[in-house]
Amino acid sequence: MPLFYAADTMNFLRKVRAGRVVNAFKVLLSYYYSRIRKRPVMWGLPVSISFEPTTACNLRCPECPSGLRAFSRPTGNLREDFFRAAIDQLYRELVYLIFYFQGEPFINPAFLDMVSYAAKKGLYTITSTNGHFLNEANARRTVESGLDRLIISVDGATQDVYEAYRIGGKLDVVLQGAKNVVEWKRKLKSSKPHIVFQFLVVRPNEAQIPDIYRLAREIGVDEVRLKTAQVYDYEKGNPLIPVQEQYSRYRKLPDGTFRIKNKLLNHCWKMWHACVITWDGLVVPCCFDKDATHRLGDLKNDPFRTIWAGTRYQEFRSALLKGRNQIDICTNCTEGSKIWA
């Protein structure tokens, strides 16, 4: 599959506005200035925000709090009126809006209405789904909503391998859902959403990587992305860690134990350009804080701009500039130091 996707790129460029470019430059400049000074400065607003449509999920994936029903925080659905009020505060500077944190977005009955609202604000919208709710009606509504990118988790090319991780899932339902979206794109003459098969590489499925590319081509999916899996108990090995090291976040040491491959550098691009907002309005640092233990603010009590530049946020940024290894959610992170949107 190609590395450059012209239709998706052109669609993204149509979302670019002068104010968003200026804001992104201010954020980037403040990030590098903070790294040099070893003290946090923030001159812009986030380029990307993840909103959590719901904590509910129909599957029981073994490394997921939603799947395990293991949250310590309250669970529920994002309210549409609350979402609209938050977006009205942010859309002028924001570029990416990701409808995902925990849970399956399509379970929230107002999900596609919220996508439509964001699309009308000129935002590039993304969601990640397990693909079980893309029946004919939802597939059509997904295309009509203006969603820009649809990530479908397909972690196996046969049912037995797929359900080893996606417990309770039906691969044939997921593949049919992808076909439905492809067909409605054709019928409605739409270039979006850009459809991605995301393949979470774990030991049970790593031999099927060529097969997922074949399935994507047959269905008409735009892109395949291989994703490394985060596992919680990795030090002594884990049956989910792939044998092929290029697909693993972890390296096996001579004594048989495992460690994360990347160095834990004392800076984090995500803490300057992005954040996560839970279904009930809590602002948390990133997607690694699945239980919202680091609560940097609450949109029910304060406007986002106050939270983003507030004391708790700046203290958290300061702590990671001093030592990310002292922050629990950072110790199993392989992403924070990379610059991407």
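The values are calculated or read from the model by the stated rules, or taken from the named source; none is laboratory data. Being a predicted model, the structure only gives us computed values, none of them experimental. Heads up, the Cβs are rebuilt from the backbone with ideal geometry, glycines too, and the neighbour counts pull from every protein chain shown. Accessible surface is based on the protein model in full, side chains and every heavy atom, while ligands, DNA and RNA are left aside. Shrake-Rupley method; radii C 1.70, N 1.55, O 1.52, S 1.80 Å.
Determine whether the range 306-321 contains at least one residue that is of a type in the set (D, E, K, R), surrounded by fewer than 19 Cβ atoms within 10 Å (Cβ to Cβ) and within 30 Å of M114 (Cβ to Cβ). Steps first, answer last, please.
Of the residues in the range 306-321, the ones of a type in the set (D, E, K, R) are 312, 315, 317.
The next check asks that each one be surrounded by fewer than 19 Cβ atoms within 10 Å (Cβ to Cβ); those that pass are 312, 315.
After this cut, where a residue has to be within 30 Å of M114 (Cβ to Cβ) as well, the list is 312.
Looking through the range 306-321, at least one residue is of a type in the set (D, E, K, R), surrounded by fewer than 19 Cβ atoms within 10 Å (Cβ to Cβ) and within 30 Å of M114 (Cβ to Cβ).
So, R259, is that one at pLDDT below 90, of a type in the set (K, R), open to solvent by 60 Å² or more (accessible area, probe 1.4 Å) and in contact with a Lys or Arg (Cβ under 7 Å, 6 or more places away or on another chain) or not? Yes, satisfied.
Filtering the range 165-185 down to residues that are touching a Pro at 6+ places or on another chain (Cβ under 8 Å) and more than 17 Å from L215 (Cβ to Cβ), which residue is modelled with the lowest pLDDT?
Of the residues in the range 165-185, the ones touching a Pro at 6+ places or on another chain (Cβ under 8 Å) are 165, 167, 181, 185.
From what is left, the residues that are more than 17 Å from L215 (Cβ to Cβ) are 167, 185.
Working: I167: 91, K185: 98.
Result: I167.
Sort through S66, S50 and tell me the only one that's open to solvent by less than 70 Å² (accessible area, probe 1.4 Å), in contact with a strand residue (DSSP E or B) (Cβ under 8 Å, 6 or more places away or on another chain) and touching a residue at least 24 places away in the same chain (Cβ under 8 Å). Show your work before the answer.
Working: S66 fails: in contact with a strand residue (DSSP E or B) (Cβ under 8 Å, 6 or more places away or on another chain).
Exactly one of S66, S50 is open to solvent by less than 70 Å² (accessible area, probe 1.4 Å), in contact with a strand residue (DSSP E or B) (Cβ under 8 Å, 6 or more places away or on another chain) and touching a residue at least 24 places away in the same chain (Cβ under 8 Å), namely S50.
Quick one: in the range 69-116, which of the residues that are among the hydroxyl-bearing types (S, T, Y) and open to solvent by 40 Å² or more (accessible area, probe 1.4 Å) is nearest to the chain's Cα centre (by Cα)?
Restricting attention to the range 69-116, the residues satisfying the condition of being among the hydroxyl-bearing types (S, T, Y) are 72, 75, 91, 96, 100, 116.
Keeping just the survivors that are open to solvent by 40 Å² or more (accessible area, probe 1.4 Å) gives 72, 75, 91, 96, 100.
On the way: S72: 21, T75: 19, Y91: 19, Y96: 11, Y100: 6 Å.
That would be Y100.
Somewhere in the range 278-301, is a residue closer than 25 Å to A70 by Cα, small (G, A, S), open to solvent by less than 60 Å² (accessible area, probe 1.4 Å) and modelled with pLDDT of 95 or more?
Taking the range 278-301 first, the residues closer than 25 Å to A70 by Cα are 278-300.
Subset that is small (G, A, S): 281, 292, 297.
With open to solvent by less than 60 Å² (accessible area, probe 1.4 Å) added as a condition, the list becomes 281, 292, 297.
Within this subset, residues satisfying the condition of being modelled with pLDDT of 95 or more are 281, 297.
Looking through the range 278-301, at least one residue is closer than 25 Å to A70 by Cα, small (G, A, S), open to solvent by less than 60 Å² (accessible area, probe 1.4 Å) and modelled with pLDDT of 95 or more.
Screening G323 on (1) part of a loop (DSSP other than H, G, I, E, B); (2) modelled with pLDDT under 95 shows it passes everything except condition (1). Tallying residues that are under 27 Å from C61 (Cα atoms) and either among the charged types (D, E, K, R) or at pLDDT below 95 (or both) within the range 104-125 yields 1.
For the range 28-47, the tally of residues that are surrounded by fewer than 20 Cβ atoms within 10 Å (Cβ to Cβ) and part of a helix (DSSP H, G or I) stands at 8. Hey, which of the strands (runs of 3 or more DSSP E) in the range 80-189, taking only ones fully inside, have at least 2 residues that are without any contact (Cβ under 8 Å) to a residue 60 or more places away in the chain, hydroxyl-bearing (S, T, Y) and in contact with a Leu (Cβ under 9 Å, 6 or more places away or on another chain)? Qualifying strands (runs of 3 or more DSSP E): 124-129.
Residue-by-condition table, conditions (1) under 23 Å from F288 (Cβ atoms); (2) in contact with a strand residue (DSSP E or B) (Cβ under 7 Å, 6 or more places away or on another chain); (3) not polar (S, T, N, Q):
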position: W43; (1), (2), (3): no, no, yes
position: P46; (1), (2), (3): yes, yes, yes
position: R73; (1), (2), (3): yes, no, yes
position: Q89; (1), (2), (3): no, no, no
position: N108; (1), (2), (3): yes, yes, no
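Considering the conditions (1) open to solvent by less than 20 Å² (accessible area, probe 1.4 Å); (2) touching a Phe, Trp or Tyr at 6+ places or on another chain (Cβ under 6 Å); (3) not aromatic (F, W, Y), K252 is excluded by exactly one of them, (1).
Can you pull out the residues in the range 221-247 that are under 30 Å from T9 (Cβ atoms) and open to solvent by less than 40 Å² (accessible area, probe 1.4 Å)?
Just the residues of the range 221-247 that are under 30 Å from T9 (Cβ atoms), to begin with: 221-230, 246-247.
Residues satisfying the conditions are V221, E223, V224, A229, Q230.
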